[in-house]
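Each remark here refers to the structure printed beneath this line.
Each reported figure results from applying straightforward, stated rules to the coordinates on display, with no laboratory input. All values derive from a computational prediction rather than experimental measurement. Reconstructed Cβ throughout: ideal geometry from the backbone, glycine too, with neighbour counts over all protein chains shown.
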Amino acid sequence: MRARVHAAAIELLADRQLEEVTLPRVAERAGVHQATVYRRWGSIAGLLDDVVAERLGEMAPIPDTGTLRRDLELAAVRFAEVIAPLGSIMIRAAALSAPSAAAPISLNTRATQLQAMLDRAAERGEKAPTLTELLEGITAPLYFHELFVGHPADAEHAKALVDRLLIYVEADPNR
């Protein structure tokens with residue numbers, strides 16, 4: 001049922017404007033009773049957040065290679081690959097939850113996973129960026145590339161972002 005509802009939401013987002021995508025329409029397209037969809041997700045924002053959280057986990061898991069550089073490179077390259085199909089959904093989910101003080105669960109979950117990667121690096125004695133530096137130095141430019149350049153960044157561009165971030169981190173004498 002969850003997979004059918006997720007697929008229906010993605011299909012509707014491809015066919016319609018965000019304001020036209022409603023839980024009743026999703027339920028109808030998925031062949032699921034509206035009450036089930038409302039009970040499980042409560043809102044379109046909740047549903048889109050769930051879609052993003054599941055897809056990110058499946059399509060771009062956080063690596064654990066034993067070195068921060070390799071972890072960041074693999075994560076950046078994979079994220080650049082999945083941002084095209086997920087990017088607009090992620091942005092829509094974030095926009096829908098913007099009026100509330102809480103970040104979407106998918107973003108909180110991803111932040112927790114990324115922080116764990118950074119903590120592992122620090123435990124190994126590697127200089128690691130902060131989570132904010134990682135998001136501003138790698139994730140945000142990948143979104144920017146998809147949204148404003150019009151296509152996902154390639155692997156070389158994603159790795160170059162990692163290089164820039166790590167040069168910045170290495171140059172900081174306070175780490």
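Once every DSSP H run of n ≥ 4 in the chain is given -39500 (n - 2.57) and the sum is divided by its residues, what mean residue ellipticity at 222 nm do you get, rounded to the nearest 500 deg cm²/dmol? Display every interim value, and only then the final one.
Details: 9 runs with 121 residues, N = 175.
One gets -22000 deg cm²/dmol as the mean residue ellipticity at 222 nm.
Please report, largest first and rounded to whole Å, the three semi-axes of the ellipsoid equivalent to the chain, where each semi-axis is the square root of five times an eigenvalue of the C-alpha gyration tensor.
Semi-axis lengths for the chain are 34, 16, 14 Å.
The angle between the Cα long axis of helix 105-123 and the main principal axis of the chain comes to about 20°, on a 0 to 90 degree scale. Placing +1 on the Cβ of every Lys and Arg and -1 on the Cβ of every Asp and Glu, with nothing else charged, gives the chain a dipole about its Cα centre of roughly 480 debye.
Stretching Lys127 away from His33 to a fully extended chain increases their span by 28.7 nm, per 0.36 nm per residue minus the current alpha-carbon distance. Computed from Cα atoms, the angle from the helix 2-15 axis to the main principal axis of the chain rounds to 90 degrees. Packing, taken as the mean count of other beta carbons within 10 Å per residue, orders the peptides 157-167, 115-125 from highest to lowest as 157-167, 115-125.
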